Amino acid sequence: MRGLILIPFYLFSLLIGRAVFAQTTNTIITEAPTEQNTSILSNFSGKVGLAGKTDFKEASDESKSSYTELDLYLNYKINDKNKLGLWLPTEKDLSDNYEEKINDMRLSYSRSSIYKNGIYSLSFKGTGHIPLSEKSKDKRRLQTTIELSPVSSIDLARYATGLSFTYIPRYKRNFHEYETDINGKNMVEQALVQFFVLGYEINDRWSVGSTL
């Protein structure tokens, strides 16, 4: 299982390695990278996220949960409004067996500013899940999950500069191989959830938000 945790770093290093190789090849042949290739590479971006999570139970409590998360994010900007994304989350248990595991991969498509009128704007995000975790593949027999999220945002700068409100209804559709899991529990095939987000942008680098 330890080898699975290295997958994000391998994929990231492989992507960078290929980009560097392509850059070198172009330099040898043309003595300078072409404008088209430079533009394509500049549309890629990525980051690695590391977080620790725990509850407020006593350290001696056997049910206490603590773990770290290591996430790989890759994005490709198609144009000013359309973007593709990849998210590969992994985690390591710190409270019991110290197990390392990889979670389901997400592939996403997002489009900004579908509609904009004054302080109101409408965007869209669609996400597909690729089952990689033991829970999804072996216990739930999940084939894939589709999520559709229209995103409505209202600029509240007239009350405070940087203040905004966002409403996100999300339709989730699961596709399972069977109607029940290995324990005989019925699977949830469809769900609708809602998020209300009040955000405040302090500057270009910092922002805070509260989600309900």
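The values are calculated or read from the model by the stated rules, or taken from the named source; none is laboratory data. All values reported here derive from a predicted model rather than from experimental measurement. Virtual Cβ from ideal backbone geometry, glycine too; neighbours counted across all protein chains shown.
Structure notes:
- Of residues in region 62-98 being assigned to a loop (DSSP other than H, G, I, E, B) and of a type in the set (Gly, Ala, Ser), the one surrounded by the most Cβ atoms within 10 Å (Cβ to Cβ): 95
- Scan of region 157-212 for residues that are of a type in the set (Asp, Glu) and either in contact with a helix residue (DSSP H, G or I) (Cβ under 8 Å, 6 or more places away or on another chain) or more than 16 Å from residue 141 (Cα to Cα) (or both), ordered by number: 181, 201, 204
- Cβ separations smaller than 9 Å between residues 6+ apart or across chains give the following pairs from region 158-180 residues that are on the phi > 0 side of the Ramachandran plot to residues that are of a type in the set (S, T, N, Q) and part of a strand (DSSP E or B): 162/207.
- In this entry, residue 154 is excluded by the filter for residues that are touching an Asp or Glu at 6+ places or on another chain (Cβ under 8 Å) and among the β-branched types (Val, Ile, Thr).
Rundown of residues vs (1) β-branched (Val, Ile, Thr); (2) loosely packed, with under 15 Cβ neighbours inside 10 Å; (3) within 22 Å of residue 192 (Cα to Cα); (4) modelled with pLDDT of 95 or more, yes/no style:
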| residue | (1), (2), (3), (4) |
| --- | --- |
| 133 | no, no, no, no |
| 136 | no, no, yes, no |
| 139 | no, yes, no, no |
| 146 | yes, yes, yes, yes |
| 149 | no, no, yes, yes |
| 157 | no, yes, no, no |
| 166 | yes, no, yes, yes |
| 171 | no, yes, yes, yes |
| 176 | no, no, yes, no |
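- Exclusive hit being touching a residue at least 24 places away in the same chain (Cβ under 8 Å) and closer than 30 Å to residue 161 by Cβ, set 121, 65, 133, 95: 121
- Any hit, region 107-117, residues being in a helix (DSSP H, G or I), touching a strand residue (DSSP E or B) at 6+ places or on another chain (Cβ under 9 Å) and surrounded by 15 or more Cβ atoms within 10 Å (Cβ to Cβ): no
- Scan of region 178-212 for residues that are among the small types (Gly, Ala, Ser), in contact with a strand residue (DSSP E or B) (Cβ under 7 Å, 6 or more places away or on another chain) and loosely packed, with under 11 Cβ neighbours inside 10 Å, ordered by number: 210
- Test for residue 182: is it farther than 30 Å from residue 204 by Cα and more than 17 Å from the chain's Cα centre (by Cα): yes
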